[in-house]
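Everything below concerns the one structure shown next.
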Amino acid sequence: MTAPPPLDLGVLVSGTGSNLQAILDAVATGALSARVKIVISNRPGVPALERARAAGVPALCIPHQGFPNREAFDRALVAALREAEVSWVVLAGFMRLLTPEILDAYPGRIINIHPALLPSFPGLEAARQALEYGVKITGCTVHFVDRGVDSGKIIAQRAVAVEPRDVLATLSARIHRAEHELFVSVLRDIAAGQITPFSTEA
Ligand code: GRF
């Protein structure tokens, strides 16, 4: 049997890009059969863009403020993703909600990573929410993206213990390490055809 072709990924970022780095590293070592065709940030000057460039991946900044509404911004994203010929879109710390402009352009092929065990602690500052709530187990979730905030169908999760001495920095670092493994593992499953595009049709 011939191996499936590598995944052609577009990665959307807004900041540090440590999850992007985990993906780039997995591609570089051959652990993940994928090509990162483009990295797009809505914020200029973020480390994630530098990480992409250092890996030889085209890195583009499309500032969202330059558009009259979310739809117009998403149309610009779609144009860039299509130009780069990506087949899946990966949100790796991308801090914008998506509209049908992009959701319908890549139906069931957009995934996100969130630093909590959804449906607990959606939205911003999930690790802080978990710490303040006092849960003893939190973690991270990879899910398909829909119009809501961290509400799409869950693909995979990994649990992370909250230690008694944890402060936000230590807990966040532990969740991040779990994220890097989980994200790559899900992408490997997509590349292998074991996870298929999400369909809302029965
Ligand atoms: C991660 O915790 C991810 O779950 C959330 O944003 C953060 C991005 O971190 N969506 P990084 O930019 O990948 O380091």
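The values are calculated or read from the model by the stated rules, or taken from the named source; none is laboratory data. For clarity, every value in this text was computed on a predicted model and none was experimentally measured. Every residue, glycine as well, gets a Cβ built from its backbone with ideal geometry; the counts of neighbours run over all protein chains shown. Areas reflect the complete protein model, heavy atoms only, side chains present, ligands, DNA and RNA absent. Shrake-Rupley method; radii C 1.70, N 1.55, O 1.52, S 1.80 Å.
Annotation: ALA28 fulfils all but one of (1) at pLDDT 95 or above; (2) in contact with a helix residue (DSSP H, G or I) (Cβ under 8 Å, 6 or more places away or on another chain); the unmet one is (2). Can you confirm whether ARG53 is open to solvent by 40 Å² or more (accessible area, probe 1.4 Å), within 16 Å of the ligand (Cβ to nearest atom) and not polar (S, T, N, Q)? Considered against the rule, which asks whether it is open to solvent by 40 Å² or more (accessible area, probe 1.4 Å), within 16 Å of the ligand (Cβ to nearest atom) and not polar (S, T, N, Q), ARG53 comes out as yes. When residues in region 187-202 are screened for being in a loop (DSSP other than H, G, I, E, B) and either β-branched (Val, Ile, Thr) or within 16 Å of the ligand (Cβ to nearest atom) (or both), 3 of them pass.
For region 152-178, a residue qualifies if it is of a type in the set (A, V, I, L, M, F, W, C), open to solvent by 70 Å² or more (accessible area, probe 1.4 Å) and assigned to a loop (DSSP other than H, G, I, E, B), and exactly one does: VAL167.
Being of a type in the set (S, T, N, Q), more than 14 Å from the ligand (Cβ to nearest atom) and in a helix (DSSP H, G or I): is that true of GLN21 here? Give the derivation first.
Working: of a type in the set (S, T, N, Q): yes; more than 14 Å from the ligand (Cβ to nearest atom): no; in a helix (DSSP H, G or I): yes.
Criteria not met by GLN21.
Checking each residue in region 127-145 for being surrounded by fewer than 23 Cβ atoms within 10 Å (Cβ to Cβ) and over 13 Å from the mean Cα position of the chain (by Cα) picks out ARG128, GLN129, LEU131, GLU132, TYR133, GLY134, VAL135, LYS136, ILE137. Whenever a residue of region 173-186 is within 11 Å of the ligand (Cβ to nearest atom), its partners that are open to solvent by 60 Å² or more (accessible area, probe 1.4 Å), lying with C-beta atoms within less than 7 angstrom and at least six residues away or across chains, give the pairs ALA178/ARG158; LEU182/ARG158. Flag: GLY93 matches the condition of being crowded, with 18+ Cβ neighbours inside 10 Å, closer than 21 Å to ARG177 by Cα and not charged (D, E, K, R).
The set of residues in region 20-32 being open to solvent by 10 Å² or more (accessible area, probe 1.4 Å) and touching a strand residue (DSSP E or B) at 6+ places or on another chain (Cβ under 7 Å) consists of LEU24, VAL27.
Determine, yes or no, whether ALA127 is of a type in the set (Gly, Ala, Ser), in contact with a helix residue (DSSP H, G or I) (Cβ under 8 Å, 6 or more places away or on another chain) and within 11 Å of the ligand (Cβ to nearest atom). For ALA127, the condition - of a type in the set (Gly, Ala, Ser), in contact with a helix residue (DSSP H, G or I) (Cβ under 8 Å, 6 or more places away or on another chain) and within 11 Å of the ligand (Cβ to nearest atom) - is met.
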